[in-house]
Each structure stands twice: as C-alpha cells, then as structure tokens.
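FYI, it's all coordinate maths here, none of it is from the lab. For clarity, every value in this text was computed on a predicted model and none was experimentally measured. Counting neighbours? That spans all protein chains shown, and the Cβs are built from the backbone with ideal geometry, glycine included.
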Amino acid sequence: MTRRRRFGSVRLMASGHYQASYWQEGCRHVADVTFRSKAEAQKYLDSISTDMHRGVWTNPSDGEITVRELSELWKSATPTKRATTWANDESSLRVHILPVLGEVPIARVKPPHIHAMVAKWSVKAAPRTVRRRYATLRAMFVFAVNCEWISRSPCRAVKLPKITTTRRHTLNAEDVAAVAEAMKPYFRPMVWIGAVLGLRWSEVAGIRVGRVDFLQRTLTVAETVTRDGKGRPVLSFPKSAAGSRTLAIPPTLVDILAEHMATYGLSVADKGHFLFEEPSRSPLHYPNWRRSVWVPAATTAGHTGAGFHDLRRASATALVNRGIDLKTAQVRLGHADPRLTLQVYAEVVQESEEGAAAALGDYFLSGGPGKVADSY
C-alpha cells in the first residue's frame, strides 16, 4: 500500500527543535516559530493544509505590512467618505492607534492587543468616543481580511463601554418660540426650520435659495455643511440616501422664508446662494455659530444647555404624539431605519404621560374609591 505523502516538510535543527516549511504560490514558507517536537511541527503544517482546502490561507508575507501601511492603503481605498468621517478617522489613527500599533506587522496584532487598547481608552474617554475609535480600527482590519492579507481580524470579542443616555432637553412649542424670539433676526428662521421640518443643523446650513419651491411649498435637502480635518466648513452630501429628501412645508413657514429673503436681499434668481451664510457668503462655521448665535439665545430663553438638535427631537416627538404614521415620520426625518425614529427621537413628553395615566385611571378605577376597595 502506498503511503500518502504528508503536506510540507519538517527538519530537525541543531538546537533540538523542529522547523516546519511548505511550498505555496512558487515560494517556500517557513514557520516563524520552531517546535519542540516533530508532532507539533506536523500539526502546524496540517492546519496550514486545512486552511488551504477551506480557502482561508493567506500568504504570510502579506501579513508583514505594518498597521501604518495598512492605514494608508485603507484610506486610499475609501475616497468617498464624508469630510467629518475622514476627520474622525484621521484623528483616531494619528493620536490613538498608530502611536501604539503603527510599526507592528498586521499579522502579529492579536485580540489581547486590541482589548488592552480599548480598555486604556475607556479609562479617560467617553463611551461614544471609545466606540468611534474602535470603529476606525475595526474597519481597517476588516479591509485587511477582505484583501486576504490576514485570515481573521484581531478585532473580535471586544467589550466596549456601554453608552448611557445623556440628559436631553425636551422642548415644547412655547420653548421653541422663546428660543426663536431670543435669536438674532437673521438666524431666527433656522429655529423654525429645525423644529417644523426636523432638519439637522448641517442640513439647515446647506439650504440654498434654489432648493425652496415657493409655488409647490416644498424644501429639498440635497447638501449639508460639515467640517474637514482642520475644522473648516465644507459641503457634503447627506448622511445617507434617505437624507436626500423633499419635504412639504406649511404656509406659515413659507411666509417666514419669503420674508427672510426679502429682508436680506435674496430673490429666486440667487438660487445658488445659501439662505443662511457668513458675511463673506461662505458656509456657516458651526462652532462659531453655536458660540455666538445659539448659546446666547438658548440661555436668554431659559434653556441653557439645550442644543440645536433638541429642535429635531421636538419635531420627531410631535410627529409621533400627533399620530403621524411612522413611515411619514421616518421620511421627513431622513432616517434609513424606522427604529431610529422611535428609539432615539420619539420621546414621550410629560403631557402624554399624564394623559396615559388619566386614561388608565378612568378605565380601571371609574367605579370610585369605595367600589375599588370593596373588591379586595
């Protein structure tokens, strides 16, 4: 009987240890470690053979590129990212990832290295920040796996810090009106757009004159104002396909926008101009706008700590509490996933909570205290 030839070869070295090697893709590959027994060396070769049959074998030389080199290849392969996403990735890589792993070959990065890094981040950084840094690291190694430079990503079984719900400011109609009244007149319509249409600040800042159709009473969201890696305002597309949308606007808001344009010398012929912009006619710069426009107005209105995004939450809450169907609410808010509409934004306001309590009380306790007591 012919004995089946074993995969690869094992050689006894002068040190008494065994070396394992094999040929693949026209090149001889030698294990980067030696083994104390011939059986251990052969077990290693058998695992390599299994990987080849399963189609998960990777060339060991591919795994020798460093994490820094991988980061450059990964960035060049994803050129269509939004400017703000690029800025976050760049910061995470430059400050938190590459100083630790930059010169390490990607094949030598193991789960314990990732676990230790995340644990160190979690000591000082907020949970959302830790998750953002980890997302960059994980995406980079997923890219390496997809390129077949490594067989598995080291980013697995990582315990990320839980995100606790931050305190949000619930604004009702009267609160929104108070903030709008305290706002500088030029920016006052931004408050109404944020509350009535539920737009993000970046979407409001990106509205051009030509995107408002006064005859059809619609507003189209097609651009947003974000920031690049140096914090400068840049134009970008909406966050997702669902973010590009055309919304019906109520007559009162149409009148507010028409008055704004007339007051500040804009006409339908200025369709390329922004509705709200810097004196230089460049896009608004959010940090400056928040510090000099929003914060003073919110403070004056008695809502210190409230943010522009609270107008969007107020809009979503109003949609749900007034019986607007979930699909319509999802489309108006530009959410790709309807669960986000409910879970993140549809907060139950106090009036609804009190109304629910009264309705249940009427239903179950309508017989009065005496009758209820008799039932015990």
What spacing in nm lies between the two simple spin-label points modelled at residue 113 and residue 322, each 7 Å away from Cα in the Cβ direction?
5.5
Long-range lysine pairs (8 or more apart or interchain), the stretch 118-254, Cα under 19 Å:
4
With no solvent and one point on each alpha carbon, what is the Debye value of log10 I(q)/I(0) for the stretch 167-281 at q = 0.10, 0.21 Å⁻¹?
-0.30, -1.33
What percent of all Cα-Cα pairs in the stretch 63-146 falls into each 5 Å bin, going from 0 up to the bin containing the maximum distance?
3, 14, 27, 28, 17, 9, 1
Fluctuation leader among 92, 71, 37 - the chain, Gaussian network, Cα springs under 10 angstrom
37
Out of 232, 36, 332, a Gaussian network model of the chain with alpha-carbon springs under 10 Å gives the largest mean-square fluctuation to 36
With the 8 Å Cα cutoff and a minimum separation of six or more residues, the chain has a relative contact order in percent of 14
